[in-house]
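Notes to accompany the following structure.
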Amino acid sequence: MDKRIQNTKRKLKETLLILLTKKRLKDITVLELCKIANINRTTFYKYYNDIEDLTLKIEEELIIHLKEEINTIKRNYLLSFTAKIIETIKKEQKIFIPLLGENGDHTYLKRILHLVYKESIYEWQHLLKKASPLDLENIYNFIVDGTIGIVEEWIKKDCLEEQEKISIFINKICMSGLSSFI
């Protein structure tokens with residue numbers, strides 16, 4: 001890709017992330033974004049349909065990286081993946097804090113956590129002998145929603161608490177709940 005195109009896309013992405021620290025995603029306009037980024041609207045529309053499309057492209061880039069991380073996980077899919085997500089959020093705070101923060105896309109973290117849905121359910125079918133298929137579904141949803149709540153609070157506090165502490169806390173809560181189905 002041409003360096004000028006890369007720079008334009010990078011500038012639009014960075015400007016969007018800055019705007020997300022100040023206002024909600026749905027309140028950001030293409031005109032405003034382009035004015036701040038000092039990029040012509042025609043150029044914006046050459047690469048993106050609208051603000052949501054730009055946001056989706058940013059999210060997709062991050063998901064590609066996280067999918068690669070899934071391949072390194074051998075067991076405890078959801079819990080191990082959650083630790084990887086928290087580690088990635090900490091490393092890439094400049095992107096994730098605005099993207100997942102108060103003004104960002106509140107469905108994104110749920111979509112990320114559902115990347116390991118099939119692997120987690122399959123693993124739990126063998127480990128949690130007392131759990132029905134409906135139980136497994138409910139357990140997964142409970143863990144995902146609880147994890148989202150904890151991670152969102154951590155992000156609101158600018159990821160100040162150590163990532164290991166957050167991961168261990170989530171793991172302890174989940175393991176104590178899962179143990180009742182063994």
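Values in this text are rule-based calculations from the coordinates and carry no lab data. Treat the numbers as computed from the prediction; the structure is a model and nothing was measured. Neighbour counts run over all protein chains shown; Cβ positions are idealised from the backbone, glycine included.
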Cα Rg, Dmax, the stretch 54-152, angstrom units: 14.0, 45
Radius of gyration, Dmax [the stretch 5-80; alpha carbons; angstrom]: 15.5, 48
Label-zone membership for the stretch 39-67, site E92, 7 angstrom Cα→C-beta point, backbone N under 13 Å: 56-67
Estimated [θ] at 222 nm from DSSP helical runs (n ≥ 4, -39500 (n - 2.57)) normalised by residues in the chain, nearest 500: -23500 deg cm²/dmol
Calculated from backbone phi, Karplus (6.51, -1.76, 1.60) coupling profile of the stretch 85-95 in Hz, x at Gly/Pro: 5, 4, 4, 5, 4, 4, 5, 10, 4, 4, 8
Simple Cβ-charge dipole of the stretch 3-181, Lys/Arg +1 and Asp/Glu -1, about Cα centre, in debye nearest 20: 620 debye
Crossing angle, helix 163-178 versus the chain [Cα axis fit, 0-90 degrees, rounded to tens]: 40 degrees
Inter-probe distance in nm under a simple model that places probes 7 Å from Cα toward Cβ, at K11 and E153: 4.2 nm
Order by protection proxy (mean Cβ within 10 Å, highest first), peptides 142-153, 159-170: 142-153, 159-170
Size-normalised alpha-carbon gyration radius of the chain, reference 2.2 N^0.38 Å: 1.18
Globularity ratio of the stretch 101-182, using Cα Rg and 2.2 N^0.38 Å: 1.19
